[in-house]
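Worksheet: one structure, shown below.
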Amino acid sequence: MHIKSELNHTISIISNLLSNAQKYTPNTGKVLLQLLTKKQTLIITVSDTGVGIDKEHLETVFQRFTRINTSNQSGSGIGLALVKQLVEQYGGTIELKSELNKGSCFTVSLPINQIDETSNLTALAVSKSNNLCVVKSNKILIIEDNDEMRDLITSLFISSFTCISAANGELGLALCKNEMPDLVISDVMMPVMDGYQFIKALRSDTAISHIPVLLLSAKADTHSKLKGLDLLADDYLSKPFEPQLLLSRVQGLLTIREVLNQHLKQQLPALSQTTQLDPQMAQSKDYVFTERVKTTVKEHYQDEAFSVEEFAAALYLSPRALQLKMKALYNLTPSDYIRNIRLEFAQELLKNSELAIGLVAQQVGFNSQSYFARCFKAKYNMSPKQFREQS
């Protein structure tokens, strides 16, 4: 396997074993992480002084959806099953030694390509266990009520994305409105608001309706999948899942979203020629919203008092919601777009009329000729006078 992939997945394994150990170890207990290399093999040991596991359950703890009960804690076993799956995917092994009320010790052996790369693992693992994360360009929201599963999904993406999480659909919906993630991975069966209810609420809210959603559920039957897709989920994966497949699906959805956004940006100029659209695209909420954005500004660009607040109100959004939505769809702020439309019409007037430059500025909503000239030059790399002379 490639060095970068190996490193990222090793960190995911360490992060989840640490998370599991911390979950089942009281505040007065200890969790120990040890790393060593031996004959091109990385050996990871995570031990704790927690509640431990009864011997009769040791053989089943890695099985998917096995519930292990102790006198103090209960766990689904989902996280450990997926960690084992990830370890074996990279040709490694995982072993468990545990004793009830005394603690557990997990030992992972992974083949490595270059031992030098492992020198950074300890610091990275510590950063992960302390929930430290470098800010990335794309933001993913993970909605999952099972702590182990939520942590494991997060660990798969945190090396490449900014990750935020919620324990149910209601909390996830609030995060969508406040944080505007680029994509949501949501469980289906959750308390308070399930995945189906979440996506229905999301798609009915103009401010956040564009966000791609991947549903991830233990319900693998055709009816459940069709229900999710009918509610306009962008994809549906069954648990247990292959980590690499989930990573690939997410990257694919983000790529599709980026292509769509580029297409929508081409519709934004006020004087652009109408593009022939696929009928399905022309009826999409994002395209309809884009047309409303353009029409609203075209109707008001001459009014120098036209503000972002009025712009947002005309679209039945708050100024913040409009700001977040336009940034997500077009990488533009509302004020930038208003200015762009004004300059677009100014360019036409300079080319096709004899109006003085000061009057052109007034006609397109600028109350200052000098500010108009600065904005025009910033956009077109020449002054209004230079543009007129060469037109």
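The values are calculated or read from the model by the stated rules, or taken from the named source; none is laboratory data. It should be emphasised that the depicted structure is a prediction, and the values quoted were computed from it without experimental measurement. Virtual Cβ from ideal backbone geometry, glycine too; neighbours counted across all protein chains shown.
Take the conditions modelled with pLDDT of 85 or more, assigned to a loop (DSSP other than H, G, I, E, B) and not assigned by TED's automatic domain parsing to the domain that holds residue 156 and apply them to residue 72. Does it pass?
When the stated conditions are applied, residue 72 does not pass them.
On the given criteria, is residue 369 modelled with pLDDT under 95 and surrounded by fewer than 14 Cβ atoms within 10 Å (Cβ to Cβ)?
no
Among the numbered conditions (1) at pLDDT 75 or above; (2) not in a loop (DSSP other than H, G, I, E, B), tell me where residue 59 comes up short.
Unmet condition: (2).
Do you know which of the residues in the range 308-332 that are among the polar types (S, T, N, Q) and loosely packed, with under 15 Cβ neighbours inside 10 Å is modelled with the highest pLDDT?
My answer is 318.
So residue 314 clears everything in (1) more than 19 Å from residue 286 (Cβ to Cβ); (2) over 25 Å from the mean Cα position of the chain (by Cα); (3) free of Cβ contacts under 8 Å to residues at least 60 places away in the same chain except one condition, right? Which one?
Unmet condition: (1).
Across the range 345-391, what is the number of residues that are under 38 Å from the mean Cα position of the chain (by Cα) and farther than 21 Å from residue 304 by Cβ?
So the answer is 1.
From (1) charged (D, E, K, R); (2) in contact (Cβ under 8 Å) with a residue 12 or more places away in the chain; (3) in a helix (DSSP H, G or I), pick out the condition that doesn't hold for residue 304.
Unmet condition: (3).
Residue-by-condition table, conditions (1) under 26 Å from residue 289 (Cβ atoms); (2) in contact with a helix residue (DSSP H, G or I) (Cβ under 7 Å, 6 or more places away or on another chain); (3) among the aliphatic types (A, V, I, L, M):
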{"residue": "193", "(1), (2), (3)": "yes, yes, yes"}
{"residue": "212", "(1), (2), (3)": "yes, yes, no"}
{"residue": "226", "(1), (2), (3)": "no, no, yes"}
{"residue": "232", "(1), (2), (3)": "yes, yes, yes"}
{"residue": "242", "(1), (2), (3)": "no, no, no"}
{"residue": "259", "(1), (2), (3)": "yes, no, yes"}
{"residue": "263", "(1), (2), (3)": "yes, no, no"}
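Out of the range 290-307, which residues are at pLDDT 95 or above and within 25 Å of the chain's Cα centre (by Cα)?
Once the filter is applied, which keeps residues that are at pLDDT 95 or above and within 25 Å of the chain's Cα centre (by Cα), the range 290-307 yields only 293.
Identify the single condition in (1) buried (at least 17 other Cβ atoms within 10 Å of the Cβ); (2) at pLDDT below 85 that residue 67 does not satisfy, given that it satisfies every other one.
(1)
Can you find a residue in the range 24-44 that is in contact (Cβ under 8 Å) with a residue 12 or more places away in the chain, surrounded by 23 or more Cβ atoms within 10 Å (Cβ to Cβ) and of a type in the set (Val, Ile, Thr)?
yes
Please indicate, with yes or no, whether at least one residue in the range 335-345 is without any contact (Cβ under 8 Å) to a residue 24 or more places away in the chain and of a type in the set (Ser, Thr, Tyr).
Among the residues of the range 335-345, not one is without any contact (Cβ under 8 Å) to a residue 24 or more places away in the chain and of a type in the set (Ser, Thr, Tyr), which makes the answer no.
Would you kindly identify the helices (runs of 4 or more DSSP H) lying entirely within the range 167-274 that contain at least 3 residues that are within 17 Å of the chain's Cα centre (by Cα)?
Per the criteria, 169-179, 195-203, 243-266.
Quick one: residue 270 ticks every box in (1) at pLDDT 95 or above; (2) in contact with an Asp or Glu (Cβ under 7 Å, 6 or more places away or on another chain); (3) of a type outside the set (Lys, Arg) bar one, so which box is it?
So residue 270 meets the others, but not (1).
So, in the range 82-138, exactly how many residues are modelled with pLDDT of 70 or more and not in a helix (DSSP H, G or I)?
Looking only at that region, the number is 24.
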